Amino acid sequence: MPAESAFIGVTAGASGGTKSSHSSGEMVSQALSRINDSELIRAAQRGDRTAFETLVRQYDQAVLRLALHLTGSDADAHDIYQEAFLKAYRHIGNFRFECSFYTWIYRIVTNLCLDHLRKRQTRKEDPQMVMDSSGQPVDVLERVSDDRAGANPERDLMRRELGSKINQALTKLTPRERMVFELKHYQGLRLRTIGEMLNTTEETAKNTLFRATQKLRGALGSMR
């Protein structure tokens with residue numbers, strides 16, 4: 001475990017290090033993007049550690065960004081990031097090429113995030129901070145406030161109260177419903193993509209989103 005953790009950490013550090021040279025970083029990025037994932041996976045399955053390190057470099061930032069989006073916590077996201085690649089490293093031999101590596105690693109991250117959200121729900125933790133599609137923290141209350149010059153304080157208070165109600169309503173969703181809702185409306189992902197990430201169908205993801213929306217409408221009905 002310690003050796004594997006160190007391996008992931010060193011690999012992630014190497015990815016960040018390419019930023020020291022803009023031109024060389026672009027060349028490396030372009031070269032990596034041309035490498036066929038299937039070839040890298042097959043090499044990694046044969047024990048080629050460098051091939052797996054290349055896969056990590058190609059997806060590490062996307063994986064970390066997704067974990068940040070779903071957990072809203074930098075510390076939790078880094079823990080999930082580490083665990084996701086360690087899990088992928090241990091089980092790369094089981095990869096059967098029935099989906100893309102992109103979908104496979106995202107599925108691992110999403111499932112880890114689901115487990116985390118379930119545990120957090122059990123502990124009744126619910127930070128009002130979430131991540132938008134650019135990876136920036138967003139305060140739910142700030143999204144509904146009106147900070148323009150001359151804004152009506154009473155109206156601003158009402159909007160903040162509505163924001164609080166929305167945040168409370170989100171806690172009524174199951175972890176899977178909340179994840180589908182946030183992936184769709186906060187991250188703008190297609191239902192087909194969400195379904196693949198959750199190892200289910202587009203229709204199931206659509207039904208989950210419908211249930212989440214109906215619950216939110218019911219919870220917010222009294223505000224109309």
* Give segment 196-224 a look and list any residue that's within 18 Å of Trp104 (Cβ to Cβ), crowded, with 17+ Cβ neighbours inside 10 Å, at pLDDT below 90 and not charged (D, E, K, R), or say none. => Met197, Leu198
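Considering segment 179-195 alone, what residues qualify as being among the charged types (D, E, K, R), assigned to a helix (DSSP H, G or I) and either closer than 16 Å to Leu66 by Cβ or open to solvent by less than 40 Å² (accessible area, probe 1.4 Å) (or both)? Explain how you work it out, then say what you get.
If we filter segment 179-195 for residues that are among the charged types (D, E, K, R), which is where we start, we get 182, 184, 190, 192.
Now drop any that are not assigned to a helix (DSSP H, G or I), which leaves 182, 184, 192.
If the condition is that a residue be among the charged types (D, E, K, R), assigned to a helix (DSSP H, G or I) and either closer than 16 Å to Leu66 by Cβ or open to solvent by less than 40 Å² (accessible area, probe 1.4 Å) (or both), then Glu182, Lys184 are the ones that fit.
Outside any helix (DSSP H, G or I), aliphatic (A, V, I, L, M), open to solvent by less than 80 Å² (accessible area, probe 1.4 Å) and modelled with pLDDT of 65 or more: which single residue out of Leu117, Leu173 fits that description?
Values: Leu117 fails: outside any helix (DSSP H, G or I).
On inspection, the qualifying residue turns out to be Leu173.
The values are calculated or read from the model by the stated rules, or taken from the named source; none is laboratory data. A quick note: this is a predicted structure, and the numbers were derived from the prediction, not measured. With ideal geometry, Cβ positions are generated from the backbone for all residues, glycine too; neighbour counts draw on all protein chains shown. Side chains included, ligands, DNA and RNA excluded: accessible areas come from the protein's heavy atoms. Shrake-Rupley method; radii C 1.70, N 1.55, O 1.52, S 1.80 Å.
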